[in-house]
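Below is one structure, written out as structure tokens, with a few remarks after it.
Just so it is clear, none of the values below were taken in a lab; they were calculated from the coordinates. Source: prediction; values computed, not measured. A quick note on method: Cβ atoms are made from the backbone with ideal geometry, for glycine too, and the neighbour counts reach across all protein chains shown.
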Amino acid sequence: MAKSNGKKIVHIHLGKNNYKTVMTAGNHELISDEPERAGGEDLGPDPYDYLLMSLGSCTVITLRMYADRKEWPVEDIYVEMRHHKDHAEDCEDCDDPKARMDKIEKEIIIKGDLTDEQIDRLLEISKKCPVHRTLFNDVEIHSTADKK
């Protein structure tokens with residue numbers, strides 16, 4: 001992926017060290033790994049943790065921007081998230097792996113002197129953060145492979 005064409009680029013590298021993955025975005029470097037039970041060394045969050053962190057951070061940033069614009073008295077915003085796979089409620093063959101779907105639970109805790117209507121509005125706004133919208137849109141992933 002030599003040219004960026006103005007698009008954001010992140011680099012991911014996995015060497016021979018089990019599943020320890022080094023990820024860079026600009027000047028920032030993060031480590032991802034798998035837990036020991038999955039053969040990793042638990043040196044960093046696993047990829048699903050990063051997915052949840054991405055959605056959670058986008059959510060709280062979006063809420064803060066909205067509350068600031070409205071001049072609402074929001075002191076703190078917390079998000080607790082969980083991810084699991086569950087069967088679709090109407091699955092015909094629940095043993096089929098395609099019948100399982102990813103579920104994300106997102107609990108938002110907002111501290112501040114807000115009305116119930118303001119809290120309800122912030123909940124609606126939380127569903128409009130860019131990462132949330134990306135997860136609900138059709139996403140195209142174009143992959144290529146090169147041998148070095």
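Points worth noting:
- Cα-based helix-to-principal-axis angle, 116-126 vs the chain, degrees rounded to 10: 20
- Mean sequence separation of contacting Cα pairs (under 8 Å, at least six apart), scaled by the length of the chain, corresponds to a relative contact order of 16 percent.
- Of LYS103/LYS147; LYS20/LYS106; LYS16/LYS127; LYS20/LYS148; LYS8/LYS147; LYS8/LYS128, pairs whose Cα-Cα distance is over 31 Å: LYS103/LYS147; LYS16/LYS127
- Between the Cα long axis of helix 47-70 and the first principal axis of the chain there is an angle of about 30°, rounded to the nearest 10.
- Database remark: amide H of LEU43 closer than 5 angstrom to the amide H of GLU34 (H placed geometrically; neighbours at sequence offset of 5 or more, or on other chains; Pro and chain starts carry no H).
- For segment 1-66, trypsin sites (Lys or Arg not before Pro) are listed when DSSP marks them as loop and at most 12 other Cβ atoms sit within 10 Å of their Cβ; the list is LYS3, LYS7, LYS8, LYS16.
- Per-residue extension of 0.36 nm, minus the Cα-Cα distance of ASP138 and VAL22, leaves a gain of 39.0 nm for this segment.
- Here the peptides 38-51, 73-86, 132-145 are ranked by packing, the mean other Cβ count within 10 Å, and the order with the highest first is 38-51, 73-86, 132-145.
- Matching the structure-derived Kirkwood radius over Cα pairs in Å against the labelled list (1) 18.6; (2) 15.2; (3) 18.2 gives the label (1).
- Charge tally around LYS70: other residues with Cβ under 15 Å, Lys/Arg +1 each, Asp/Glu -1 each, net -3.
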